[in-house]
1. Between Leu44 and Asp145, what's the calculated FRET efficiency when r is the beta-carbon distance and R0 is 41 Å? Round to 0.05.
2. Among the lysines, which have Cα under 20 Å from the Cα of Lys128 when same-chain residues fewer than 8 positions away are ignored?
Amino acid sequence: MNIFFLSLIIFVIVYLLLNWFVRTSSKKISNFIRTTTIILSIILAIVMIYAGRFLFSLPFVLMVLPLIKTKAGLTLLQFFRIWSLLRMLKNSGRFNFNNFNQNLNTQSISLDEAYKILNLDPSIKYKKEEVLDAYKKIMKKIHPDVSPELTRLAAIVNEAKDIILKNNNLI
């Protein structure tokens, strides 16, 4: 029902804008566009002043890096997958963005968490090669050689791989 009202409001706004556009002279339209551009630029500048501390946050960097040719060659989808992995680990208390070298939580990872970390389905019985392929796919992106800050994250992924292999008696 909300989508209907939203589309109705958008339709009415577009209709009124087009109606105004047809009945107005080109000089008034150009003045309106110029004024609107200046006002929106000022609003954007104010928003950037207040939100500037978030500009170089991890989500912003993850969204911008695919636009730049990176050494690792990551896609936007892979960045979102890594971001969801980091968010899940942060929520579980296993990873803290502010303290990379501290072991905040040394308890072992549960089996369900291990499957989530390696992006595997817990209901499927995997072969050792399939688990190692999933592990290698993630480690190519977060290996400490790529970025030294990811050492703790790489250790968590290693632990997840070991837990899955031990649980399925694949070692």
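1. Numbers: r = 39 Å, r/R0 = 0.95.
Given R0 = 41 Å and the Cβ-Cβ separation, E is 0.55.
2. Lys116, Lys136, Lys137, Lys140, Lys161, Lys166
No lab work stands behind these numbers, since they all come straight from the coordinates. What you see is a predicted model, and the numbers here were worked out from it, not measured in a lab. All Cβ positions, even for glycine, are placed from backbone atoms using ideal geometry, and neighbour counts span all protein chains on display.
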